[in-house]
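Asker: Supplied in C-alpha cells, the structure appears directly below.
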Ligand SMILES: [Fe+2]
C-alpha cells in the first residue's frame, strides 16, 4: 500500500538509485538526500511542552522529523469529549507549527493521550482532525526515499504489573484489540517491497525500552507481544522500530542475527529526543548511527 509519492520518486530517480550514485533530491515534500544518507529527528511524548520542543527543533538539522505520539495530556475519561478534542487539536497544530519551522517533511502518529479523532485507521468512526503540514500515519505506508518506507500504528494497549492492570490502553482496551489493529492496519503496510521504518506509539514486549522498573521493585510491562512477533517475522525488511509511550524506557535494543534496532527516544516532557542517521549502500538502507540526546 504505497502512496503515489513513492511511484513519482522511483520513476524519476530509479536509475541513479540503482547505480548507487551520490545525488541530491528535492521532492515535493522537500526531502533532500545527500550521498544517500538520511538524518531523522525523533521526538515523542511532548505532552504540550512547547518550549522544550522549540529548543530541540532549534538544535537539530534533520531531513525528516517523526513524532511517535502523545502530543497532548487528555485524561482517558475525557478523550472523546468535544471540548477536550478541540483544545487538543489546537495543541497538536501548535506543535506541528513549531516542528514545521524546519521546512522538512513531518510524520506523526497519535498516542493514548491524543484524541480519538486523530486515529486515521479508525477514520470511519472518528473522522480526521485536519492537522496541517504534517502527515498523519496509520492507514498506509509512506515512501520517504527510494526503497525506504514508513509503516505506522498509534495508540496504546493496557500495561500490567504481573497480572494486575496498571495503565489502561487507548484506543485498544485489551491486548486482543491491539493485536487486531496490528493485523488489520500494520501488517498490510509491510506487504510491499523495500525496507521499512516502523513507527509505533507502544513498543514490542521483548524490548526493555517498554518496561519501567519502579523503585518498589515492581515492573510495568507496556509492550505488545504481537508487535514482537511482527518484528521477528519481518526482520529482513524492517530497519528499525521507533516507539514512544514509556517515558523512562529511553534507549536502544538490538535483536536478531543482524542486530535490528528498537529505539525509544524518551519523552520531550523530560527533555529527551534522538537523532538517527540512515545510510544506503548497494541499494540497501542501514542504521548508521543512533544518538540519544537531552537538552
Ligand atoms: Fe503514551
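Asker: So for segment 4-294: antiparallel DSSP bridges make up what percent, rounded to the nearest 5?
Answerer: 55
Asker: Return, for the Cα atoms of segment 77-229, the radius of gyration and Dmax in Å, separated by a comma.
Answerer: Final numbers for Rg and Dmax: 16.2, 48 Å.
Asker: If you don't mind, another one. Let me see the pair-distance distribution of segment 186-295: every alpha carbon pair, 5 Å bin width, integer percents in order.
Answerer: 2, 12, 22, 23, 20, 12, 6, 2, 1, 0
Asker: For segment 4-294, calculate the relative contact order in percent as a whole number, restricting contacts to Cα pairs under 8 Å that are 6 or more residues apart.
Answerer: Across segment 4-294, relative contact order equals 19 percent.
Asker: What is the log10 of I(q)/I(0) for segment 39-144, computed with the Debye formula using one identical point scatterer on each Cα and no solvent, at q = 0.10, 0.18, 0.22 Å⁻¹?
Answerer: Evaluating at q = 0.10, 0.18, 0.22 Å⁻¹ gives log10 I(q)/I(0) of -0.25, -0.82, -1.20.
Asker: Moving on. Projected area of segment 197-250, taken from the Cα convex hull and averaged over every viewing direction, in nm²?
Answerer: For segment 197-250, the mean projected area of the Cα convex hull comes to 3.6 nm².
Asker: According to the Kirkwood expression over distinct Cα-Cα pairs, how big is the hydrodynamic radius of the chain, in Å?
Answerer: After inverting the pairwise mean of 1/r, the radius is 19.0 Å.
Asker: For labels at residue 215 and residue 166 in the simple 7 Å Cα→Cβ model, what's the distance in nm?
Answerer: For the pair residue 215/residue 166, the computed spacing is 1.6 nm.
We did not get these values from a lab; they are worked out from the coordinates using the rules stated. Predicted model only: the values in this text are computed from it and were never measured. With ideal geometry, Cβ positions are generated from the backbone for all residues, glycine too; neighbour counts draw on all protein chains shown.
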